[in-house]
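For reference, the structure is listed below as structure tokens.
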Amino acid sequence: MLGQMMHRPLSIIEILKFASDNHRNAEIVSVRTEGDIHRYSYSDAYKRVAQLAHALDRLGVKQGDRVATLAWNGYRHFELYYAISGMGAVCHTINPRLSAEQMTYITHHADDRVIFADTTFVPILNALSAQLPQGMKIVVMTDRDHMPASDLDLLCYEDLIADCPDTYDWPELDENTACGLCYTSGTTGNPKGALYSHRSTVLHALSLCISLGRFVQEGTRILPVVPLFHVNAWGLPYGAPLAGASLVFPGGALDGPSVFKLMDDEGVNSAWGVPTVWLGLQGEINKNGRIPRGFSSVVIGGSAAPRAMIQRFEEAGVSVCHAWGMTEMSPVGTHGILPKAQQDTLSLTERLDLQQFQGRRVFGVDLKITDDAGTPLPHDGVAAGELFVRGNAVVSGYFNNPDASAASMDAEGWFGTGDIASIRPDGFLMIQDRAKDLIKSGGEWISSIDLENVVMSHPDVANCAVIAVPHPKWDERPLLIIVPAGEKRVTKDEIDTLLLKHLARWQLPDAIEFVTELPLTATGKVSKLTLRQTFANYQLPDMG
Ligand code: ADP
């Protein structure tokens, strides 16, 4: 027997309408490419989103069309998220750090009709102009006074919306209608597109507000350093308006001093981003001898949060949530906010023992780990295998890519993450490594994350990465690459002594190399692929 309830389709624009009606004291603050700070309310945003939807109509955008963005975190980008999806088109966020070749590939693969770009990125479009899809319109996200010079036929965002009505008759869409498209950065092969729906996005936002509710609350001021151009800024453009939290968008200045100053000026309570950004902020906190005003929580994800980084934040009075997820999961899969009883009673060391892992699943995500034959492994905190996920905000395949879709799903319809993990009986996920980053030594696995975690706790180490180097006898052995914190170079003996407190001797790196900085991927993570290429012919000491 079926229930007898109304079916109201889940719709993204309803989130902003809700915030506009109910959260009148929350604001959106943006560092603008024009150089100043812009602030307005969700109600103001809702009106401009209506104007923008009219402008999209005038540009000829139809339901189902892909409209691209190439922009930092700011209010106009936020408006595009809502206007494009609200009218039934698909907001395709492009990562500006992708290579020219990848960008050309995805604009064609997505068949983008219009692209909205920040002034900062117009040079990229100038350089790519011959390769861009025929007839693609380019809108620059600024006002007439700030329009850049270019040989391209550029439209101006503020001109386009200026005389449009500030209400729009939003269409009632099937909740499974596509709303957003985000390509993974494609460390191997071409980028693959995750195509989100209104339903998946709204459910993900609700789940974020519940699972990370202690950080996403009415009145909280949140800084998404995680970009709108990748992984939906971890769902914050939807979760924050739902909960009534304010958003502080940092624009393009993501270095430690800029982030510290913005947080201080704007009284940011909760900051969200990848570990590399927090290394910069922690440096600035050290320099100033204090944390930014009002700073009380940080979400760290995208790659493993080093235990030493978590400890420094916790000791400074900033609660850490170590989260895990993927583009293909909208993206949040697990979160490390501790159960209240543990948060209140555990010692710092005991808390860190838990927080270094990736936390518990959010509602709507199921986790399983399997062996090589696909047999499920127990959640006993010991057995490790490939992590598969299932849920209503998880992809069922990739956009227009049957081969990649088939390769990523198992026979029961679970999505293979490519991560190797264990799951504890209390539900805590322990990511050991990406399968391709594990070091295969003599038939055993060594986790690069485990080694990095310990090495990062050494005071003379600013950052580090461990990669596999081919070895004639052991297949692969670990090479440790260190960015020193100052002049002093830590010795191999010192590192070995430190590591031996936590790991077995055969897991220790065979050699150390020093570099001034680590290469980053388009999403701001350490690029192990680049490091493996750089050190492909590396001679370890015992290889003769
Ligand atoms: P990409 O980095 O390829 O652009 P994503 O941003 O979707 O794509 O990255 C997802 C991957 O990032 C995960 O499969 C996992 O390997 C890694 N990752 C994300 N969060 C964490 C975390 N907290 N700890 C360890 N690895 C993480």
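The values are calculated or read from the model by the stated rules, or taken from the named source; none is laboratory data. It should be emphasised that the depicted structure is a prediction, and the values quoted were computed from it without experimental measurement. Ideal geometry is used to build each Cβ from the backbone, glycine not excepted, and the neighbour counts take in all protein chains shown.
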Return the pairs, sorted by first residue and then second, in which the second residue is more than 14 Å from the ligand (Cβ to nearest atom), the first residue lies in region 411-426 and is of a type in the set (Lys, Arg), the beta carbons are less than 6 Å apart, and the residues are 6+ apart or on different chains.
Arg424/Gly381
Quick one: in region 440-460, which of the residues that are within 25 Å of the chain's Cα centre (by Cα) and more than 15 Å from the ligand (Cβ to nearest atom) is surrounded by the most Cβ atoms within 10 Å (Cβ to Cβ)?
Val455
Please report, ordered by residue number, the helices (runs of 4 or more DSSP H) entirely within region 272-368 with at least 1 residues that are surrounded by 18 or more Cβ atoms within 10 Å (Cβ to Cβ).
275-288, 307-315, 348-355
Candidates Arg48, Arg66 - the one that is basic (Lys, Arg) and within 26 Å of the chain's Cα centre (by Cα)
Arg66
Can you find even one residue in region 112-121 that is within 16 Å of the ligand (Cβ to nearest atom) and under 21 Å from the mean Cα position of the chain (by Cα)?
no
Quick one: count up the residues across region 414-437 that are touching a helix residue (DSSP H, G or I) at 6+ places or on another chain (Cβ under 8 Å) and aromatic (Phe, Trp, Tyr).
2
Looking only at region 240-252, decide whether some residue is in contact (Cβ under 8 Å) with a residue 60 or more places away in the chain and within 16 Å of the ligand (Cβ to nearest atom).
no
Could you please find all residues in region 477-497 being crowded, with 17+ Cβ neighbours inside 10 Å and closer than 25 Å to Gly443 by Cα?
Arg477, Pro478, Leu479, Leu480, Ile481, Ile495
Given (1) surrounded by 15 or more Cβ atoms within 10 Å (Cβ to Cβ); (2) in the same structural domain as Thr375 (by TED's automatic domain parsing), where does Pro425 come up short, assuming only one miss?
(1)
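State the number of residues belonging to region 504-526 that are in a loop (DSSP other than H, G, I, E, B) and either surrounded by fewer than 17 Cβ atoms within 10 Å (Cβ to Cβ) or in contact with a strand residue (DSSP E or B) (Cβ under 6 Å, 6 or more places away or on another chain) (or both). Spell out the reasoning first.
Restricting attention to region 504-526, the residues satisfying the condition of being in a loop (DSSP other than H, G, I, E, B) are 504, 508-510, 515-519, 521-525.
Right, trim to either surrounded by fewer than 17 Cβ atoms within 10 Å (Cβ to Cβ) or in contact with a strand residue (DSSP E or B) (Cβ under 6 Å, 6 or more places away or on another chain) (or both) and you get 504, 509-510, 515-519.
Looking only at that region, the number is 8.
Of all residues being aliphatic (A, V, I, L, M), part of a helix (DSSP H, G or I) and touching a Ser or Thr at 6+ places or on another chain (Cβ under 9 Å) in region 106-152, which is surrounded by the fewest Cβ atoms within 10 Å (Cβ to Cβ)? Just the residue, please.
Leu128
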Limited to region 17-31, what total is found for residues that are out of contact with any Pro (no Cβ under 9 Å at 6 or more places or on another chain) and surrounded by fewer than 21 Cβ atoms within 10 Å (Cβ to Cβ)?
6
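Could you tell me whether region 458-472 includes any residue that is assigned to a loop (DSSP other than H, G, I, E, B) and more than 27 Å from Arg351 (Cβ to Cβ)?
The first filter runs over region 458-472 and keeps only residues assigned to a loop (DSSP other than H, G, I, E, B), leaving 458-460, 472.
Next cut, more than 27 Å from Arg351 (Cβ to Cβ) only: 472.
Within region 458-472, one or more residues are assigned to a loop (DSSP other than H, G, I, E, B) and more than 27 Å from Arg351 (Cβ to Cβ).
Could you tell me which residue of region 520-544 is farthest from the chain's Cα centre (by Cα), considering only residues that are over 16 Å from Ala304 (Cα atoms) and within 16 Å of the ligand (Cβ to nearest atom)? Don't jump to the end; show me each part of the working.
Just the residues of region 520-544 that are over 16 Å from Ala304 (Cα atoms), to begin with: 522, 529-544.
Imposing the further condition that a residue be within 16 Å of the ligand (Cβ to nearest atom) reduces the set to 522, 529-532.
Working: Ala522: 11, Leu529: 19, Thr530: 20, Leu531: 21, Arg532: 23 Å.
Here the residue is Arg532.
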